Amino acid sequence: MSPPLSISSVPPPVVTVVTPVFNEEAVLPELFARLGAVFDAHPAVAWRAVLVDDGSRDRTVELIRAHAARDRRFELVELSRNFGFQSALTAGLAHADASDAVVTMDADLQDPPEVIPALVAAWQSGAEVVRAVRRSRSETGLRRFGFDAFHGLFGRLSDYPIEPNTGTFGLLGREALATFNALPERHRFFPGLRTWIGFKTADVAYDRQERAAGQPQQTFRRLVRYALDGLFSFSHLPLRALTYAGICIALLGFAAAVFYAVRRIIGIETAPTGYTTLVTVVLFLGGVQLIGIGVLGEYLGRVYDEVKRRPNYVLKSTSRTRPADAAVSARD
Ligand code: UDP
Ligand code: MG
């Protein structure tokens with residue numbers, strides 16, 4: 001992008017709303033209306049909406065295509081089949097790479113579009129990453145339990161804990177977006193990566209709504225898979241747990257050996273001959289085997305890190321003036 005020539009010619013920032021959509025024909029009309037209303041109410045921003053169809057089998061594509069023809073701010077990106085939410089989101093973010101900022105949100109209006117201006121305002125006051133934090137959650141029952149259990153576990157295990165009340169809804173500035181798009185890993189867990197990339201982060205509180213219409217499209221099985229992606233791609237603790245368990249069991253075996261030996265020596269051992277040896281050997285060998293697996297796990301964890309090819313660091317800036325900045329300051 002060439003540097004602006006004067007203040008008056010500075011174009012409005014391009015903010016793209018990226019939304020994965022899967023079988024959402026029931027909510028789309030309301031989504032279009034509410035997004036459009038938000039866009040119209042804030043003309044200082046050049047709004048775009050990228051709706052990523054994740055292989056829907058209903059009239060989703062048709063509806064988006066028709067709306068995109070009516071309103072040029074809306075765009076359809078179609079995947080060849082259902083790849084799942086995280087993949088659809090990745091596709092949308094890659095497609096929106098020319099934006100100054102992207103807003104990520106669900107299509108089902110659980111993330112109300114009316115919050116978007118607050119996200120943009122937080123970005124304009126200097127945050128590079130903005131997370132929408134829910135004050136309340138509308139899920140109940142098994143889903144609620146699953147979410148709570150996952151966040152509890154993730155908070156404890158992960159090296160990069162995510163704020164428990166955040167999900168996809170939020171905003172990434174240009175640098176954060178470029179960093180995210182450059183990540184080569186395949187198993188993507190968006191909230192975790194958003195924490196991992198760093199940058200100045202701001203939170204905006206909102207009330208999570210009920211789904212506007214239709215049924216949840218994420219199956220429970222898929223949510224469990226994301227949860228596992230999240231845990232395993234941000235923590236080696238499950239592997240390390242084997243080593244710890246092995247050490248504990250081997251120590252137990254050792255303690256048992258001492259215990260039975262002492263009993264035999266002072267003459268109170270009554271068990272048939274061979275029992276003591278058996279218990280001790282089984283415990284000890286079990287422990288040693290687990291330690292062995294744990295050690296393999298340590299290597300596996302490192303191999304996994306290397307294979308992920310996640311960069312070692314993310315640069316925010318350097319003190320050296322960029323050529324573009326130099327050109328601007330040379331003129332004024
Ligand atoms: N979604 C998707 N691909 C899928 C499943 C869901 O793109 O395979 C989209 C869906 O259309 C919605 C968002 O992901 O915009 C969240 O899905 P849902 O509301 O079903 O999940 P939950 O609210 O239970 O997390
Ligand atoms: Mg939902």
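The values are calculated or read from the model by the stated rules, or taken from the named source; none is laboratory data. Since the structure is predicted, the reported quantities are computational estimates derived from the model, not experimental observations. A quick note on method: Cβ atoms are made from the backbone with ideal geometry, for glycine too, and the neighbour counts reach across all protein chains shown.
Quick check on ARG186: is it of a type in the set (Lys, Arg) and either touching a residue at least 60 places away in the same chain (Cβ under 8 Å) or touching a helix residue (DSSP H, G or I) at 6+ places or on another chain (Cβ under 8 Å) (or both)? So that I can check it myself, show each step before the final result.
Details: of a type in the set (Lys, Arg): yes; either touching a residue at least 60 places away in the same chain (Cβ under 8 Å) or touching a helix residue (DSSP H, G or I) at 6+ places or on another chain (Cβ under 8 Å) (or both): no.
Answer is no for this residue.
Any idea which residue in region 100-144 is nearest to ligand 1 (Cβ to nearest atom), counting only those that are out of contact with any strand residue (DSSP E or B) (no Cβ under 6 Å at 6 or more places or on another chain) and hydroxyl-bearing (Ser, Thr, Tyr)?
Applying the filter and picking the extreme gives SER138.
Go through region 128-150 residue by residue and tally those that are within 16 Å of ligand 2 (Cβ to nearest atom) and not in a loop (DSSP other than H, G, I, E, B). Let's see the steps before the verdict.
Of the residues in region 128-150, the ones within 16 Å of ligand 2 (Cβ to nearest atom) are 132, 134, 136-144, 146-147, 150.
Now drop any that are not not in a loop (DSSP other than H, G, I, E, B), which leaves 132, 134, 136, 141-144, 146-147, 150.
Number satisfying all stated conditions: 10.
Looking only at residues in region 152-167 that are in a helix (DSSP H, G or I) and modelled with pLDDT of 75 or more, which one is surrounded by the most Cβ atoms within 10 Å (Cβ to Cβ)?
Of all residues in region 152-167, those in a helix (DSSP H, G or I) come to 152-157.
Add one more test, that the residue is modelled with pLDDT of 75 or more, and what stays is 152-153.
Details: GLY152: 11, LEU153: 15.
Looking at the filtered set, the residue picked out is LEU153.
On the given criteria, is VAL224 touching a Gly at 6+ places or on another chain (Cβ under 8 Å), within 21 Å of HIS151 (Cβ to Cβ) and surrounded by fewer than 20 Cβ atoms within 10 Å (Cβ to Cβ)? Give the derivation first.
Values: touching a Gly at 6+ places or on another chain (Cβ under 8 Å): yes; within 21 Å of HIS151 (Cβ to Cβ): yes; surrounded by fewer than 20 Cβ atoms within 10 Å (Cβ to Cβ): yes.
Yes: the conditions hold for VAL224.
Can you give me the number of residues within region 92-131 that are touching a Leu at 6+ places or on another chain (Cβ under 9 Å) and among the polar types (S, T, N, Q)?
So the count comes out to 2.
Among the residues of region 64-117 satisfying the criterion of being β-branched (Val, Ile, Thr) and touching a Ser or Thr at 6+ places or on another chain (Cβ under 8 Å), which is nearest to GLY167 (Cα to Cα)?
Filtering region 64-117 for residues β-branched (Val, Ile, Thr) gives 64, 77, 90, 102-104, 115-116.
Add one more test, that the residue is touching a Ser or Thr at 6+ places or on another chain (Cβ under 8 Å), and what stays is 102-104.
Details: VAL102: 15, VAL103: 12, THR104: 10 Å.
So the residue we want is THR104.
Here's a check for you: in region 202-221, which residue that is aliphatic (A, V, I, L, M) and within 16 Å of ligand 2 (Cβ to nearest atom) is surrounded by the most Cβ atoms within 10 Å (Cβ to Cβ)? Please lay out each step first, then the result.
Within region 202-221, the first condition is being aliphatic (A, V, I, L, M), and the residues that meet it are 202, 204-205, 212-213.
Filter once more, keeping what is within 16 Å of ligand 2 (Cβ to nearest atom): 212-213.
Working: ALA212: 18, ALA213: 15.
Ranking the candidates gives ALA212 first.
If you check every pair at least six apart or on different chains, which have Cβ atoms under 7 Å apart with a residue in region 205-233 that is assigned to a helix (DSSP H, G or I) first and a residue that is within 11 Å of ligand 1 (Cβ to nearest atom) second?
Close Cβ pairs satisfying both conditions: ARG222/GLY84; LEU223/GLY146; TYR226/GLN86.
Looking at region 51-62 only, could you name the residues that are in contact with a Phe, Trp or Tyr (Cβ under 8 Å, 6 or more places away or on another chain) and not hydroxyl-bearing (Ser, Thr, Tyr)? Working first, answer last.
At the first step, the residues of region 51-62 found to be in contact with a Phe, Trp or Tyr (Cβ under 8 Å, 6 or more places away or on another chain) are 51, 53-56, 60.
If the condition is that a residue be in contact with a Phe, Trp or Tyr (Cβ under 8 Å, 6 or more places away or on another chain) and not hydroxyl-bearing (Ser, Thr, Tyr), then LEU51, ASP53, ASP54, GLY55 are the ones that fit.
Within region 56-83, how many residues are surrounded by fewer than 18 Cβ atoms within 10 Å (Cβ to Cβ) and either under 18 Å from the mean Cα position of the chain (by Cα) or within 15 Å of ligand 1 (Cβ to nearest atom) (or both)?
Residues meeting the conditions: 9.
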